[in-house]
Amino acid sequence: MDSAVLASPYRELYGVPAAAVRLTHGFWAERFEVCRTVMVPHMWELLRDPDISHAYTNFLVAVGDEAGEHQGPKWHDGDFYKWLEAAAHIYSVTHDEALDRLMDEIIDVIRRSQREDGYIHTPVIIEERQGENAKAFRERLHFETYNMGHLMTTACVHYRATGKETLMDVARAAADYLYNFYKTATVELARNAICPSHYMGVVDMYRQTGEPRYLELARNLVEIRDLVTGGGDDNQDRLPFREQDHAVGHAVRANYLYAGVADIYMETGDPTLLSTLETLWKNVTSSKMYITGGCGALYDGASPDGAEDQNSITRVHQAYGREYQLPNVTAHNETCANLGNLFWNWRMFSITGAARFVDVAETVLYNSALVSISLDGKRYFYTNALRQIDGVPFELRWGRSREPYISCFCCPPNIVRTIAQVGSYLYSVSDEGIWANLYASSTASIALNDATEVHITQQTDYPWDGQISMTIDVPGETSFALMLRIPGWCAKATLSVNGVPVENDLPAGDYARVERVWSAGDKVELTLDMPVQFIESHPLVEETRNHLAVQRGPIVYCLESVDLPDDVSLAQVAISRTTTFTPDQDASFDGITDEMRVLRGTVQVIDSTPWNGQLYRPASRPGIRDIEAQLVPYYAWDNRGKSEMSVWLPELYGPERIS
């Protein structure tokens, strides 16, 4: 993922490419294997079937291999590029010859669909082929630059995986077109970018090729958007970027913007960009992010909501809301927004080396990202609510259960490309040494900055267990520092090398540093205490006032109605912070996934009577009884049939019980 040709002068850390890491067994090895054998091939069948999706057919129509019109959303090209990126990541690990041939065939079609001037966007190219009055960039919601950005990132990944220039040639031509376009276009037209994946894509191209024009383009992208403001919060262009101190508007566009600006900072070192990103990060993580790492609470809204100057208020959708506005049933949390949060935090970590950014990235990976795809890899969420109840008396645009195909198909290939490269998040490298960020059973070959190869074999059942063992293999005695992340949720950790304790007081939310001369066979043992934790929210989060959530390690848990007796509804269940929940393997997931750790314990059922259309009624003392129940990982809900679900449960106070 980060194996760049050019070193970025303003970043502390570089990732280890996915090809250098082999996931051997356990949690992420299983997810990667499902990605390799099911997610990528199954999604190819969806994207190539014109009766389901026109994503690939649009390219065939654009080159004249098939007749027809463009079908699907304007960003469908980008959906397809993201899938192709996932395939390239898989190939970098497996070197599957059939996959390589398939990518070659697809790239040839993409290449032939590109105009001679480098412009590539199938809706316009198809119109041109049919003699219609087509015009590039005539509508800001046509997502041309978004699509081109994903093309550029995919091309860089494909080149690093295969060594082939075929897709890079297409991406270079597209990047050159954008460079010339932004040099000559009017300011208003130059601000035509929506959901700026091209910020990241252009920087990827600069790092891969060393072409200085691409760095110039990347730098200008931020400056151009600041020349004309007042456009509203939905696209984060009401204020100049450097004046923004609240995350607002469409959460996918916001998080992609923040991730892209972080990339630009790594190359330019502009301190005003980094300080703005830090301010926005604090706003998101202190008042606008869900416990799962999800972002974008609102289906629809107004922003800035409640502003004294009503002329400044604009409509927003799929958006960040007010501070602490975090509904559960109506939570939007589009998968792409959640993944944008991951991309942004990973870049902030690469800049600073601060563990707090990896804490957020890990929360997203295990919760709001992974929940978006079923355990069998064939069904998808677009939105990711924290509470699902049947029979709500209002309309919600998106399904409340995973679906085999979503008309807005941006999210499924986004999560698949993320799983395909998850091995690249395990380790990073700096001038000091190696950073262990995420834990998974694996083998890794890591090149230090002096080109010394270090091999690490990691054994762990993380995230189900906090025991982590690493065996170091070096060609000879080698001096470097090994930094091991102590997650923010871990209140107690122990660390030893070759059985000798290293530190007794390891701070949560930081990296433990072991600097020594390493020899082949040195063994590092890290133990992360992983108790069940009850989580409460800030009192201004009104929907979860007097509620608790349950977390163990990085995993957020939820209650599903399929695990309740027939005579108990989800709305009746409460929990107490004195309850003891015990991890256990659950047989109901057998055949769906290799291992599933649930939490078993006692919950309280509060007797209730029907409301019969009442909005309010006199309160009574209900009967309360105990039942045994289990909580399942949030990412795993909706895999055992139709079900209601809730992450937050009412907290039962006081010793009084009526049996």
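Can you tell me the alpha carbon radius of gyration of the chain divided by the globular rule-of-thumb value 2.2 N^0.38 Å? Display every interim value, and only then the final one.
Working: Rg = 25.0 Å, N = 659, 2.2 N^0.38 = 25.9 Å.
In units of the globular-protein estimate, the chain measures up at 0.97.
Classify the stretch 68-219: rounded, prolate or oblate, from the alpha-carbon gyration tensor (a ≥ b ≥ c, eigenvalue square roots; a/c under 1.5 rounded; otherwise prolate if a/b is larger than b/c)? Don't jump to the answer; show the numbers that get you there.
Details: a/c = 1.99, a/b = 1.29, b/c = 1.54.
In terms of gyration-tensor shape, oblate.
Using only the alpha-carbon atoms of the stretch 377-427 as identical scatterers, what base-10 log of I(q)/I(0) does the Debye formula give at q = 0.16, 0.17, 0.28 Å⁻¹?
Relative scattering, expressed as log10 I(q)/I(0), comes to -0.59, -0.64, -1.13.
Which links in K164/K378; K82/K164; K82/K183; K74/K135; K492/K523; K82/K378 stretch past 22 Å when you go from one Cα to the other?
Violating the 22 Å Cα-Cα cut-off are K164/K378; K82/K183.
So what's the net charge close to Q467: Lys and Arg +1, Asp and Glu -1, counting the other residues with Cβ under 11 Å from its Cβ? Present the calculation step by step, with values, prior to reporting the outcome.
Numbers: positive: none; negative: D461, D465, E525, D529.
Residues near Q467 contribute -4 overall.
Using alpha-carbon positions, what is the distance between the centroids of the stretch 233-302 and the stretch 593-647, in Å?
The distance from the Cα centre of the stretch 233-302 to that of the stretch 593-647 comes to 35 Å.
In whole percent, what relative contact order does the stretch 312-463 give with Cα contacts below 8 Å and a gap of six or more residues? Before the final figure, lay out the partial values.
Values: 179 pairs, mean separation 26.6, N = 152.
Over the stretch 312-463, the number comes to 18 percent.
For the chain, what's the relative contact order in percent, using C-alpha pairs closer than 8 Å and at least 6 residues apart? Numbers along the way, then the final one.
Details: 1386 pairs, mean separation 85.1, N = 659.
Relative contact order of the chain: 13 percent.
Roughly how large, in nm² to one decimal, is the mean projection of the convex hull of the alpha-carbon atoms in the stretch 150-281?
Spelled out: convex hull of the Cα atoms, projected over all directions, averaged, 7.5 nm².
Full-extension gain between E515 and D390, please, as 0.36 nm times their residue separation minus the C-alpha to C-alpha distance. Let's see the in-between values first.
Details: separation 125, 0.36 × 125 = 45.00 nm, distance 5.52 nm.
Difference between extended and current length: 39.5 nm.
I'd like the distance separating the alpha-carbon centroids of the stretch 419-433 and the stretch 528-559, in whole Å.
Cα centroid of the stretch 419-433 versus Cα centroid of the stretch 528-559: 29 Å apart.
Let's test this: bin the Cα-Cα distances of the stretch 506-659 at 10 Å from zero up to the farthest pair and state each bin's percent.
9, 31, 30, 17, 8, 4, 1, 0
Quick one: Cα convex hull volume of the stretch 1-133, Å³ per residue?
Taking only Cα atoms, the stretch 1-133 has a hull volume of 160 Å³ per residue.
Would you please name the GluC sites (Glu not before Pro) within the stretch 48-94 that are DSSP coil residues with at most 13 other C-beta atoms within 10 Å of their C-beta? Could the numbers behind the result be given before it?
Working: sites: E66, E69, E85; in loops: E66, E69.
Within the stretch 48-94, the qualifying GluC sites (Glu not before Pro) (loop, at most 13 other Cβ atoms within 10 Å) are E66, E69.
Counting Lys +1, Arg +1, Asp -1, Glu -1, what net charge surrounds R219 among other residues with beta carbon under 9 Å of its beta carbon?
Details: positive: none; negative: E216, E223, E267, D270.
Here the count lands on -4.
With viscosity set to 1.567 mPa s at 4 °C, what whole-number translational diffusion coefficient in µm²/s follows for the stretch 303-377 from Stokes-Einstein and a Kirkwood radius over Cα pairs?
The estimated diffusion coefficient comes to 89 µm²/s.
Counting DSSP beta bridges with both partners in the chain, what percentage is antiparallel, nearest 5?
Once the DSSP bridges in the chain are tallied, antiparallel ones form about 95 percent.
Can you check what the net charge comes to around H25, using other residues whose Cβ is under 15 Å from the Cβ of H25 (Lys, Arg +1; Asp, Glu -1)?
Cβ neighbours under 15 Å give a net charge of -3.
Throughout, read-outs are computed from the coordinates displayed, never taken from laboratory work. If you're wondering where the values come from, they're calculated on a predicted model, not measured in any experiment. In this analysis, Cβ positions are derived from the backbone assuming ideal geometry, glycine residues included, and neighbour counts consider all displayed protein chains.
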